[in-house]
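Step one of this worksheet: look at the structure below.
Readers should treat all values here as calculations from the given coordinates under stated rules, not as data from a laboratory. Predicted model only: the values in this text are computed from it and were never measured. So basically every Cβ, Gly included, is an ideal-geometry build from the backbone, and we count neighbours across all protein chains shown.
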Amino acid sequence: MKELPKIASLLTSTIDHPNRISLNIYLPYCNFNCIGCHNRDIAEGRFSEVPPEKLLWELDNNFIIDIVIITGGEPTLHGVKLLNLIELIRKRRSDLPIRVDSNGSLPDVLELIADHVDGFAIDIKAPPFSKDKYERTIRARFCPDDFIRSVKIAARLPYTIFRTVKYPWLTDEDLKEIREFVSVYGEGKPHLVNPYFEVIKERAEI
């Protein structure tokens with residue numbers, strides 16, 4: 001078996017892709033430090049590793065799922081290991097579409113895997129042309145050019161969606177700018193706006 005990324009968690013979900021029941025595969029680590037992250041422990045590498053055998057069992061025996069979602073953390077940090085995981089899933093369950101979630105910061109990896117998946121979920125944290133506001137949210141450096149390239153790669157695929165959390169500091173004008181951005185670059189793919197829920201335990205700002 002080719003080398004795979006560590007798996008932090010598995011979950012069967014009815015809420016993570018429109019009209020689909022998903023098997024969510026959570027990969028650890030993230031290069032952002034987003035305010036309100038709901039997967040903080042996984043993003044920071046605090047997890048009990050799920051053995052590959054458990055994933056194989058789910059793929060072979062979980063027949064209520066009709067899509068596989070690889071999420072995190074930020075899955076693209078795993079590079080070729082992520083591609084190996086996708087190829088494994090495809091061999092075991094060729095009937096299932098595969099979606100990869102991403103913050104869009106690593107377009108080279110999205111390009112690497114784009115021909116092997118059916119879609120992406122790209123998180124748009126703030127208006128991409130408002131670099132300061134974006135970096136306030138992710139508490140990391142943001143490259144609009146890399147992000148736009150990622151969005152263009154994702155927009156080519158049928159299962160792609162774009163998502164925005166309605167952070168309290170995002171104005172109606174900000175959301176309008178994000179919607180306009182998706183209309184220009186998203187090739188008609190859905191844009192979902194989700195409510196913000198405060199997380200009590202937060203990592204200190206950087």
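Percent relative contact order of the chain, based on C-alpha pairs within less than 8 angstrom and at least six residues apart?
This gives 19 percent for the chain.
Could you pull out every whole DSSP H run in the chain that spans at least 18 Å of Cα extent along its own axis and averages 0.0 or higher on the Kyte-Doolittle scale?
Qualifying helices, which must be both long enough and hydrophobic enough, are 79-92.
Shape of region 2-70 from its Cα gyration tensor (a ≥ b ≥ c, root eigenvalues): rounded if a/c is under 1.5, otherwise prolate when a/b > b/c, or oblate? Display every interim value, and only then the final one.
Numbers: a/c = 2.52, a/b = 1.28, b/c = 1.97.
In terms of gyration-tensor shape, oblate.
Using a Gaussian network model on the chain with a 10 Å cutoff between Cα atoms, which of E44, E173, E111 fluctuates the most?
Judging by the Gaussian network model, the answer is E173.
Using the Cα centre as the reference, give the magnitude of the dipole from point charges on the C-beta atoms of the chain (Lys, Arg: +1; Asp, Glu: -1; all else neutral), rounded to the nearest 20 debye.
Charge dipole of the chain: 100 debye, to the nearest 20.
Given springs between every Cα pair under 10 Å in a Gaussian network model of the chain, which of F47, F120, F142 has the largest fluctuation?
F47
With a 10 Å cut-off between alpha carbons and a GNM built on the chain, which of P107, P168, P52 moves the most?
Result for the chain, Cα springs under 10 Å: P168 fluctuates most.
Which semi-axes, in whole Å and largest first, does the equivalent ellipsoid of region 29-135 have when worked out from the alpha carbon gyration tensor as the square roots of 5 times its eigenvalues?
26, 17, 12
Could you give P(r) for the chain, binned at 10 Å from zero, as whole percent values over all Cα-Cα pairs?
Spelled out per bin, shortest first, that is 9, 36, 38, 15, 2.
Which pairs in the list K54/K125; K81/K152; K2/K189; K131/K152; K81/K166 are over 30 Å apart, alpha-carbon to alpha-carbon? Let's see the in-between values first.
Values: K54/K125 33 Å; K81/K152 23 Å; K2/K189 33 Å; K131/K152 19 Å; K81/K166 32 Å.
As for pairs spanning more than 30 Å Cα to Cα, those are K54/K125; K2/K189; K81/K166.
Among the aspartates and glutamates, select those whose C-alpha is under 19 Å from the C-alpha of K91, and discard any that sit fewer than 8 residues away in the same chain.
The reachable aspartates and glutamates, counting only those whose Cα sits under 19 Å from K91, are E3, E53, E58, D60, D66, D115, D118.
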